[in-house]
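Written out below as structure tokens is the structure these notes cover.
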Protein chains: 2
Amino acid sequence: MSANSRLTIAIHILTWMALVGRKRPDPVTSNRIALSVNTNPVVIRRILGRLSKKGLVRSHRGANAGWVLAKPPRAITLRDVYDALGEGPSFALHAATPNQACPVGRGIRPALTRVYDSLDGVLRTHLARTTIEDVLADTLRRPNLKRT
Amino acid sequence: MSANSRLTIAIHILTWMALVGRKRPDPVTSNRIALSVNTNPVVIRRILGRLSKKGLVRSHRGANAGWVLAKPPRAITLRDVYDALGEGPSFALHAATPNQACPVGRGIRPALTRVYDSLDGVLRTHLARTTIEDVLADTLRRPNLKRT
DNA sequence: TTTGATGTAACTATGCTTGTTACATCGAAG
DNA sequence: CTTCGATGTAACAAGCATAGTTACATCAAA
């Protein structure tokens, strides 16, 4: 395990907002969200800021400030969330430039870039098939079940 | 950029071994490989150790020691390499356990685990379609071409 | 004008990654 | 059976990313 948890936090935030939004359409504060995620409100706001730039949520200021979903949960796919975070690819190229005097050292980076770009495409296509509404439904599915 | 480069290094190693193995089937040392990758031989040996445990390469000791591919390059897929490295999933769950008193906090982890496991499956299926031989061919494809 | 939350900068603790040194172990060659 | 070069692994350091935290300027509705 080494990857970051920003996608997880982002999906958690949106899923929570989708659930709360079912009852009341009022803005929710980063503080309340942080209570569910169990982290600092600033961490929540940092991620909401990115989601906001991509039009997935909107922020309100002044009295009764907070955040609201900019679209219905069924119109937000995990690919939208992934793209909004703007993370790089899952696999890094060499830390140091490989030996350019070697045919493999010279050609491997373009070749691997193609492989990794293709992977990212597959990943995003797959993520596009699940919406926040789907995640919410799956999240609520087993509230009281215990596995033996 | 935050991910590690171990998959890149591993593919580089195997691709280089495939190229060298075309001429001579002799074992190659981690030192020579490190010259192409441009890193320390210990980094190479660490990764070769993992590949060895999964039967992708074999090591020889004593005089004329070194490493050889255990299979022809066309029989080694990138999925084999990925699995041999035994890396965790690309996306981490929450650093801190979410609030279990909240329905979303309680159910989100299993839901996301399913999403991430499914993603990993798609990823590995896609990786299985490319072999070391493919990567080598693509690596050697454009030896002298310059892009404008 | 007051008030409460946003939005962001700055700093810290922690952990992962990569590079490096060191060294015990091995096994074929001579 | 000794030599010799490479494996295999432990241990440590530097650099970097992540997540958490404090602080504070900014904003807008009441």
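The values are calculated or read from the model by the stated rules, or taken from the named source; none is laboratory data. The model shown is predicted, which means the values in this text are computed figures rather than measured ones. Every residue, glycine among them, receives a Cβ derived from its backbone with ideal geometry; neighbour counts consider all protein chains shown.
Annotations
To keep it simple, each residue is scored yes or no on (1) farther than 17 Å from B:Val20 by Cβ; (2) crowded, with 18+ Cβ neighbours inside 10 Å.
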position: B:Thr39; (1), (2): yes, yes
position: B:Ile76; (1), (2): no, yes
position: B:Asp83; (1), (2): yes, no
position: B:Asp120; (1), (2): yes, no
position: B:Arg124; (1), (2): yes, no
position: B:Leu136; (1), (2): no, yes
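- Criterion (within 13 Å of DNA strand C (Cβ to nearest atom), within 12 Å of another protein chain (Cβ to nearest Cβ), touching a residue at least 24 places away in the same chain (Cβ under 8 Å) and under 13 Å from the mean Cα position of the chain (by Cα)) met by exactly one of A:Ile13, A:Ile47: A:Ile13
- Subset of the stretch A:16-31 (residues that are without any contact (Cβ under 8 Å) to a residue 24 or more places away in the chain, in contact with a helix residue (DSSP H, G or I) (Cβ under 6 Å, 6 or more places away or on another chain) and either under 16 Å from A:Ala70 (Cα atoms) or aliphatic (A, V, I, L, M) (or both)): A:Trp16
- The residues on offer are B:Ser5, B:Ser90, B:Ser36, and the sole one that is at pLDDT below 95 and within 12 Å of chain A (Cβ to nearest Cβ) is B:Ser90.
- Residue in the stretch A:25-32 that is away from DNA strand C (no atom under 13 Å from the Cβ) and under 18 Å from the mean Cα position of the chain (by Cα) present: no
- Meets criteria (over 22 Å from B:Glu133 (Cα atoms) and without any contact (Cβ under 8 Å) to a residue 40 or more places away in the chain) for A:Gly107: no
- Evaluation of A:Gly105 against (1) more than 26 Å from B:Leu119 (Cα to Cα); (2) part of a loop (DSSP other than H, G, I, E, B) (one fails), failing number: (2)
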